[in-house]
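All remarks here apply to the structure that follows.
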Amino acid sequence: MQWMLDELRQRGGLISFEEYMGLALYDPEHGYYSSGTPRYGRGGDFLTAPTASPWYARVIARVLRKIAGKAGSVDFVDLAAGDGSFLHSLLLELGPEGRAGLGRVLAVEQSEGMRKRCGKALGDFPETRVEILPELRDADEPAGPVLLHASELYDALPVARVIMREDGLKEFYVRLEGDSLSWEERPPRAELRDYFVRHGVVLAPGQVAEANPRAEDLHRSHLQWAGADALALILDYGYESRRLYDPRGRFQGSLSCFYRHELSRDPLKRPGEQDITAHVNWDDLRRAANHLGWEEISLEALTFFLIRSGIAEIAEGLGLGMEAELDARTLSERQELKRLLDPEGMGSDLKVLVQGIGRLKEVI
């Protein structure tokens, strides 16, 4: 906490919540995601699909094989690659033949500590061309087809927070008061007013909401880099505007904090020590794609994406289908499957947005 108090003093004692969230998550020294130790996974603060079960990597490996069979050598880009554990699992699942169908593997990760861990994890595959970068724009543009993958990237971007009062929209700021932090409401920046107008959203009196006015531009830059023959798989928590800002479902907004798998709604506690997240507005990513001529292939729950992408066929091929003997291996693997497909958990809560352009649109 002390580092954040000192930071606010240096900044005059008052910053927007968007600026505060950016510091709490991405400050180079103290930010939650800047640590050299992964904060996610079964022993961390929250689970992600790519690290919750090896079955997710198996499905993506199958998708990559289909792309390579249709379009030849393909670059795979993992945005927010973390410690590289998902990429390690993916390359392992592909095997030597599958890895031979890859052009480059790009691990894009902002945290220097995580990039170092990523390098160690991917050192097991010396025959694969791996590039580890802080930003996608640092990489040379692709010469062939690309598969862009992003798991829970956009819901971890800093957001602005607002509330509708009787006299109009107000933006939340974070104020330093002695040795504590408090909220202050101020007139919103013009870009926030424009954001809600652009999406046709009128908040109810007293309703709290979050907005990410930079998500659209960031996604556009990723798609633009990928070129004219690409697929994007975006795995995240989110809704379209009409549902995200429906006061009947999210009157207090979607902002959540996670610390040791416990949910909190107070982002001013433990800055740098807890995850802070807000649901993605899928319409932001749709606008980015439409601007560049990309098409939406699907937006569906993780369960349906995995089934449509062949998870049942993979299970059959591994001898784990409905007729499999119920031994320890079968029971263990089915438990891992359930972790991803559970309709009461991430199987329905997580969504997968698939966007495409060029030859790859028909692969999935």
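The values are calculated or read from the model by the stated rules, or taken from the named source; none is laboratory data. Keep in mind the model is a prediction, meaning the values are calculated, not measured. Cβ atoms come from the backbone with ideal geometry, glycine included; neighbour counts cover every protein chain shown.
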> Counting residues that are crowded, with 17+ Cβ neighbours inside 10 Å, on the phi > 0 side of the Ramachandran plot and at pLDDT 95 or above, which helices (runs of 4 or more DSSP H) fully inside segment 16-131 reach at least 1?
Replying inline: none
>> Tally up the residues in segment 193-232 that are loosely packed, with under 15 Cβ neighbours inside 10 Å and part of a strand (DSSP E or B), please.
In response: 0
> When the residues of segment 340-357 are filtered to those that are assigned to a helix (DSSP H, G or I) and surrounded by fewer than 18 Cβ atoms within 10 Å (Cβ to Cβ), which remaining residue is modelled with the lowest pLDDT?
Replying inline: S348
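Could you list, in sequence order, all residues of segment 311-364 that are basic (K, R), touching a helix residue (DSSP H, G or I) at 6+ places or on another chain (Cβ under 8 Å) and more than 20 Å from R286 (Cα to Cα)?
R339
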> For segment 101-113, what are the residues that are in contact with an Asp or Glu (Cβ under 8 Å, 6 or more places away or on another chain) and closer than 14 Å to V130 by Cα?
Replying inline: L102, G103, R104, V105, L106, A107, V108
>> Considering only residues that are in contact with a helix residue (DSSP H, G or I) (Cβ under 7 Å, 6 or more places away or on another chain) and either within 22 Å of S182 (Cα to Cα) or in a strand (DSSP E or B) (or both), which ones fall in segment 235-253?
In response: L235, D236, G238, Y239
>> When the residues of segment 235-273 are narrowed to those that are at pLDDT below 95 and among the hydroxyl-bearing types (S, T, Y), which ends up surrounded by the fewest Cβ atoms within 10 Å (Cβ to Cβ)?
In response: S264
